[in-house]
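The values are calculated or read from the model by the stated rules, or taken from the named source; none is laboratory data. Here the structure is a predicted model, which means the values were calculated and not measured. Using ideal geometry, Cβ is built from the backbone for each residue, glycine included, and neighbour counts are taken over all protein chains shown. The accessibility values were calculated without ligands, DNA or RNA, using every heavy atom of the protein model including side chains. Shrake-Rupley method; radii C 1.70, N 1.55, O 1.52, S 1.80 Å.
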Amino acid sequence: YCKNSIRIAPADLNLVHPIYNPHPGWAEELVHYYTLFKHAIPAETTIHTYLVNDGSKSGISQADIQLLTQEIGGFTYIDSPVNKGKGGALRDAVRQTTGKWVIYTDADYPYLIANAVEMYRLLSTDAADVVVGVRDEQYYDQLPLGRKIFSLSLKVMNYLFFPQLKVKDTQSGLKGFNQKGKEIFLKTRIPAFLFDMEFLVLASKRSDIRIQWIYVQAREGIVFSTMRAKTILIELANFASILFNREK
């Protein structure tokens with residue numbers, strides 16, 4: 001699939017969804033949760049949705065993209081032939097956005113729709129430049145053990161090494177920002193999971209950036225992937241790189 005080169009009219013809100021080797025039925029699922037979200041926010045809000053394929057080897061068909069194009073008003077598909085990592089894929093998409101606000105989350109909408117609606121409310125009322133989802137205890141209870149240990153350990157490390165961070169739970173996959181936040185987001189460099197943390201470290205250094213957080217809950221039926229040991233080691237190296245570069 002080719003990158004969509006059609007000129008896009010500015011929307012109020014851009015939804016950005018990364019995807020990688022998705023499970024069967026993912027496109028119908030995305031349409032379902034997008035529709036729930038659209039109906040839960042003010043009707044006059046214009047939305048443009050970006051789906052970025054992060055070098056998937058399977059799971060995405062022409063029929064899936066046709067379905068999304070037909071069912072989602074304002075849709076752009078970005079196809080990356082190589083796997084850049086979630087951070088790299090999101091930067092590719094966010095760079096193309098033209099709306100006032102951006103909200104990104106996984107294509108299977110792992111959080112309650114009410115969480116995304118509250119995030120949009122804070123952005124659209126100019127209550128914050130960056131809004132961060134913070135996971136509650138119920139969310140952690142649903143994670144596979146290895147991923148839960150990594151997430152909680154990272155939170156502790158943030159308290160120890162990054163006291164200036166305004167939000168210590170940096171890794172929830174639901175975040176939103178306005179144009180000031182977008183500028184900071186595009187300065188991130190880490191390709192995989194810790195791009196979220198890098199973004200919030202950069203944002204927390206700016207006294208003119210207003211950061212707010214909301215509690216987010218996992219939706220019923222969501223299945224979380226496990227983290228491989230190799231992935232954890234790579235992310236620990238990324239943590240070190242953020243730590244050593246924070247004063248630059």
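Observations on the structure shown:
- Some residue of region 94-111 being part of a helix (DSSP H, G or I), under 15 Å from K175 (Cα atoms) and within 18 Å of the chain's Cα centre (by Cα): yes
- When residues in region 124-140 are screened for being of a type in the set (K, R) and more than 15 Å from the chain's Cα centre (by Cα), 0 of them pass.
- Once region 168-184 is narrowed to residues that are open to solvent by 10 Å² or more (accessible area, probe 1.4 Å) and touching a residue at least 40 places away in the same chain (Cβ under 8 Å), the residue that is farthest from D106 (Cα to Cα) is K180.
- Annotation: of all residues in region 208-248 being modelled with pLDDT of 95 or more, part of a loop (DSSP other than H, G, I, E, B) and out of contact with any Gly (no Cβ under 9 Å at 6 or more places or on another chain), the one that is nearest to V131 (Cα to Cα) is R210.
- Tally, over region 185-205, of residues that are of a type outside the set (A, V, I, L, M, F, W, C), in a loop (DSSP other than H, G, I, E, B) and open to solvent by 20 Å² or more (accessible area, probe 1.4 Å): 4
- Any hit, region 147-155, residues being within 30 Å of P42 (Cα to Cα) and hydroxyl-bearing (S, T, Y): no
Results for (1) in contact with a Gly (Cβ under 7 Å, 6 or more places away or on another chain); (2) under 29 Å from T35 (Cβ atoms), shown as yes or no for each residue.
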site: K100; (1), (2): no, yes
site: D108; (1), (2): no, yes
site: R121; (1), (2): no, yes
site: T125; (1), (2): no, yes
site: V131; (1), (2): yes, yes
site: R135; (1), (2): no, yes
site: L143; (1), (2): no, yes
site: I149; (1), (2): no, no
site: P163; (1), (2): no, no
